[in-house]
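Trainee: My questions all concern the structure below.
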Amino acid sequence: MGKSDSTSQLVDGLGLFSLGLGTAQLLAPGAVNRLVGADDHAMSRAVMRWLGGAREFAAGVGIESRRRADLWLWARVAGDMLDLSMLGAVLASPRRDPVRRSRAAIAAAAVVGVTVADVVAATRVSRNGAQNGEAGKAMSSVDAKAGVTVNRPVNEVFAYWQNFENLPQFMAYLQSVEPLGGGRSRWRATGPAGVEFGWEAEVTDEHINEFIAWQSVGDATVENTGRVEFRPAPGNRGTEVRVHLTYRPPAGKLGHTVAKLFGEAPDQQIRDDLRRFKQVVETGEVVRSEGTPEGSKARRQLFQRPAQPVTS
Amino acid sequence: MRANTWMGKTHVEVQNVPDPKILNSHDAIVKISSTAICGSDLHLYNGFIPTMRKGDILGHEFMGEVVETGSSVRKLKVGDRVVVPFPIACGHCSACQRGLTSVCQNSNPNAGMAEKIMGRSPSGIFGYSHMLGGFAGGQAEYARVPFADIGPIKIEDGIPDEQVLFLSDILPTGYMGADMCDITPGDVVAVWGAGPVGQFAIASALLLGAERVIAIDRFPYRLEMAKEKAGATDLINYEEVSVLETLEDLTAGRGPDACIDAVGMESHIDVGPLHAYDRAKQMVRAETDRPHALREAIMACANGGVVSVIGVYGGFVDKFPMGPFMNRSLRMRTGQCHVHRYMAPLLERIRAGQIDPSFVITHQMSLEDAPRGYQMFRDKKDNCEKIVLSP
């Protein structure tokens, strides 16, 4: 989703605040009435409970669920306006005693503060949402980095990666890489739900046993660049491999698909790819289990088949 | 084929499932002749291990005959009789080459899952949740064994199953528990837990030269076995006497030179509420407070001694006595057993008559009776110590 940490914390705080206040209003509307200096009788309690508490609690749930948090946050702003007008009525009435007026004033000040927070959060989340394609525009690029140590000498590990035809053996989404000569190659990938897409890439820089850098060329569906570095691991532990990939997913549905592949946890995806790379280089194959018999295609770790042999 | 599958909390069922297939060229398929229920299977049974799925085949202690091999298998042939170690090890990563096979870097296809909980993934294990690989287990008629040239040990003679089956897990585990104590002549070793692993830890400590080995448990039949069969020199029933006071008396104030925790979390992943030291003494009588064995072992251990932890733990422990541990120069040695490095030496000891592991077996039944076996084992009915199943 691309939210920064501080925005995320603010949204979380407001969500929890809503849940807490909503609970208080639902369960003890009389106490809340007295606290803010409003009239406390059966009618005002009902209002506090249903117009106040239920709304507040629902907003809290909506925000914490993180689905369209921006809408719930704007709903909070609308609710703040309602609260301010109610408190304004308390303050404006000349018949209120000083204790109640001061309580209402304090409550109003608090609501103003919360309103500011709500507006800030709502605008930030809306803006982030637009940036991340919820408004259908192009997404910002995805960065994925990971490292692995392979128990083989540098030249062996380098040579394996240098032959791009080997990459589909351990990269989960890659179907094939076809060399075209002159450092160029044709890559084909399959996304979730079988969506196929491809691109042409060229090697932009390379130092034997040190690094390889490549990038997609021309009109790639998914612009991407990659760089893999090789370094002897200390103490004869083999080779340290560090990979850095970037993707710029296109707009629209395909972009959403690609982002789902990597967007949620791009580092995790590359980490798993590198784990399979290590398995292939060290043992010859990607390790399979009954729970994940697909080997390198094993993408969904959470929803595995039972650990039983597969049928024919 | 028939297989014992996990169907939910305290619910296992023997069902018809497909026969295993070769999935990797280094695989072998083994027709299982004997298999057992492990104490750690009870964590799965009691629903405390996450990432289980209905239909997962359980079991990680098994042996049998090779009936099929993958194209890259060189050492094993069809017809070979083998015992299979419970951790799956590739043999080629740096961990395997250092002998640390239970933390093999390549054998868990779901390593990403394990990382989230453990920080880094250990090796894959047969029949022990998807977090540890999602491998079908050995409480079945057949099992697929990955890296067949690395794990299984060949049994060339006609020695009965009961004497070698436990090379798969509990015998090496008990032995490693004692091995990690760095026993020197004259040492006093205390072992918490007289289940099968504890029994083998006791026997191994004596084989490795301990002068006194003290068994701690609350079931008289288990303490009896520890003395009569495993050779324990002293017994402590913690429901009758204070463990710490008795150990002080037995060692004239020094404390045992090494303490083995063969209890682990047993029924719980997380420790319950915090307890004051005095209340903890009383709580040790209650069955659910297994984590207290570790705390007690630390408090009892001689200064400069070793606390050897082979009981299985899953998560985090509250109120760990770090102050006592640090200030008294204790060492902790722990890990899931690196079975591979112990199998051959222990097979030799069995052949030489130094130990007959079959002494822990109290019940033998058909694989079809596995559900009854799990209940019996968990509830320690009928003086149950170890159950062997025949498919």
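The values are calculated or read from the model by the stated rules, or taken from the named source; none is laboratory data. It should be emphasised that the depicted structure is a prediction, and the values quoted were computed from it without experimental measurement. Neighbour counts are summed over all protein chains in view; Cβ atoms, including those assigned to glycine, are modelled from backbone coordinates with ideal geometry.
Trainee: Regarding the range B:195-204, can at least one residue be identified that is more than 27 Å from B:Ser34 (Cβ to Cβ) and either crowded, with 24+ Cβ neighbours inside 10 Å or out of contact with any Phe, Trp or Tyr (no Cβ under 9 Å at 6 or more places or on another chain) (or both)?
Mentor: No, that holds for no residue.
Trainee: Within the range B:92-111, can you find the residues that are facing chain A (nearest Cβ under 8 Å) and touching a helix residue (DSSP H, G or I) at 6+ places or on another chain (Cβ under 8 Å)?
Mentor: B:His92, B:Cys93, B:Gln105, B:Asn106, B:Asn108, B:Pro109, B:Ala111
Conditions (1) closer than 16 Å to B:Phe147 by Cα; (2) among the polar types (S, T, N, Q); (3) out of contact with any strand residue (DSSP E or B) (no Cβ under 6 Å at 6 or more places or on another chain), marked per residue:
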position	(1), (2), (3)
B:Asp56	no, no, no
B:Thr69	yes, yes, no
B:Asp80	yes, no, no
B:Val83	yes, no, no
B:Ser102	yes, yes, no
B:Ser107	yes, yes, no
B:Ala111	no, no, yes
B:Met131	no, no, yes
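Trainee: I would also like to ask the following. Cβ-Cβ distance below 6 Å, separation of 6 or more or different chains: which pairs start in the range B:13-30 with a residue that is more than 7 Å from chain A (Cβ to nearest Cβ) and end on one that is among the acidic types (Asp, Glu) and part of a strand (DSSP E or B)?
Mentor: B:Ile29/B:Glu68
Trainee: Taking A:Gly194 as the residue in question, decide whether it is without any contact (Cβ under 8 Å) to a residue 60 or more places away in the chain, on the phi > 0 side of the Ramachandran plot and more than 30 Å from the chain's Cα centre (by Cα).
Mentor: On the way: without any contact (Cβ under 8 Å) to a residue 60 or more places away in the chain: yes; on the phi > 0 side of the Ramachandran plot: yes; more than 30 Å from the chain's Cα centre (by Cα): no.
The answer is no for A:Gly194.
Trainee: Given (1) closer than 24 Å to B:Ala232 by Cα; (2) not assigned by TED's automatic domain parsing to the domain that holds B:Leu244, where does B:Gln375 come up short, assuming only one miss?
Mentor: Failed condition: (1).
Trainee: If I go through the range B:24-49 residue by residue, how many of them are in a loop (DSSP other than H, G, I, E, B), surrounded by 17 or more Cβ atoms within 10 Å (Cβ to Cβ) and at pLDDT 95 or above?
Mentor: 5
Trainee: Sticking with this structure for a sec: Which of the residues spanning the range A:264-281 are without any contact (Cβ under 8 Å) to a residue 12 or more places away in the chain and either facing chain B (nearest Cβ under 10 Å) or more than 12 Å from the chain's Cα centre (by Cα) (or both)? Steps first, please.
Mentor: Residues of the range A:264-281 that are without any contact (Cβ under 8 Å) to a residue 12 or more places away in the chain, as a first pass: A:264-265, A:268.
Listed by number, the residues that qualify are A:Ala265, A:Gln268.
Trainee: Filter the range B:104-137 down to the residues that are of a type in the set (A, V, I, L, M, F, W, C) and more than 20 Å from the chain's Cα centre (by Cα), then identify the one that is farthest from B:Asn16 (Cα to Cα).
Mentor: Checked the range B:104-137; the qualifying residue farthest from B:Asn16 (Cα to Cα) is B:Ile117.
Trainee: Take the conditions out of contact with any Lys or Arg (no Cβ under 8 Å at 6 or more places or on another chain) and closer than 26 Å to A:Gln268 by Cβ and apply them to A:Thr190. Does it pass? Even if it seems obvious, please write down each step before you answer.
Mentor: On the way: out of contact with any Lys or Arg (no Cβ under 8 Å at 6 or more places or on another chain): yes; closer than 26 Å to A:Gln268 by Cβ: yes.
Spelling it out, A:Thr190 is indeed out of contact with any Lys or Arg (no Cβ under 8 Å at 6 or more places or on another chain) and closer than 26 Å to A:Gln268 by Cβ.
Trainee: Still on this structure, please answer the following. Filter the helices (runs of 4 or more DSSP H) completely within the range B:138-245 down to those with at least 1 residues that are over 30 Å from B:Pro109 (Cβ atoms) and more than 20 Å from the chain's Cα centre (by Cα).
Mentor: B:220-225
Trainee: Which of the helices (runs of 4 or more DSSP H) contained wholly in the range B:289-391 include at least 2 residues that are among the small types (Gly, Ala, Ser) and touching a residue at least 40 places away in the same chain (Cβ under 8 Å)?
Mentor: Once the helices (runs of 4 or more DSSP H) in the range B:289-391 are filtered for at least 2 residues that are among the small types (Gly, Ala, Ser) and touching a residue at least 40 places away in the same chain (Cβ under 8 Å), what remains is B:291-300, B:370-379.
Trainee: Turning to a different aspect of this structure: What is the number of the single condition among (1) in contact (Cβ under 8 Å) with a residue 12 or more places away in the chain; (2) within 29 Å of the chain's Cα centre (by Cα); (3) surrounded by fewer than 16 Cβ atoms within 10 Å (Cβ to Cβ) that A:Glu178 does not meet?
Mentor: (2)
Quick grid of which residues meet (1) within 26 Å of A:Trp72 (Cβ to Cβ); (2) part of a loop (DSSP other than H, G, I, E, B); (3) touching an Asp or Glu at 6+ places or on another chain (Cβ under 8 Å); (4) at pLDDT below 95:
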{"position": "A:Ser126", "(1), (2), (3), (4)": "yes, no, yes, yes"}
{"position": "A:Gly129", "(1), (2), (3), (4)": "yes, no, yes, yes"}
{"position": "A:Lys137", "(1), (2), (3), (4)": "yes, yes, no, yes"}
{"position": "A:Ala144", "(1), (2), (3), (4)": "no, no, yes, yes"}
{"position": "A:Gly147", "(1), (2), (3), (4)": "no, no, yes, no"}
{"position": "A:Arg152", "(1), (2), (3), (4)": "no, yes, yes, no"}
{"position": "A:Asn155", "(1), (2), (3), (4)": "no, no, no, no"}
{"position": "A:Tyr160", "(1), (2), (3), (4)": "no, no, no, no"}
{"position": "A:Leu167", "(1), (2), (3), (4)": "no, no, no, no"}
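Trainee: Within the range B:326-376, which residues are of a type in the set (D, E, K, R), surrounded by fewer than 16 Cβ atoms within 10 Å (Cβ to Cβ) and touching a strand residue (DSSP E or B) at 6+ places or on another chain (Cβ under 7 Å)?
Mentor: B:Arg331, B:Glu368 - these are the residues of the range B:326-376 that are of a type in the set (D, E, K, R), surrounded by fewer than 16 Cβ atoms within 10 Å (Cβ to Cβ) and touching a strand residue (DSSP E or B) at 6+ places or on another chain (Cβ under 7 Å).
Trainee: For the range B:50-67, give me the residue count where each residue is assigned to a loop (DSSP other than H, G, I, E, B) and away from chain A (no Cβ under 13 Å).
Mentor: Qualifying residue count, the range B:50-67: 1.
Trainee: Mind checking which residues of the range B:325-352 are among the basic types (Lys, Arg) and over 30 Å from B:Ile159 (Cβ atoms)? Please lay out each step first, then the result.
Mentor: Step one: filter the range B:325-352 for residues among the basic types (Lys, Arg), giving B:328, B:331, B:333, B:341, B:349, B:351.
Passing the criteria: B:Arg328, B:Arg331, B:Arg333.
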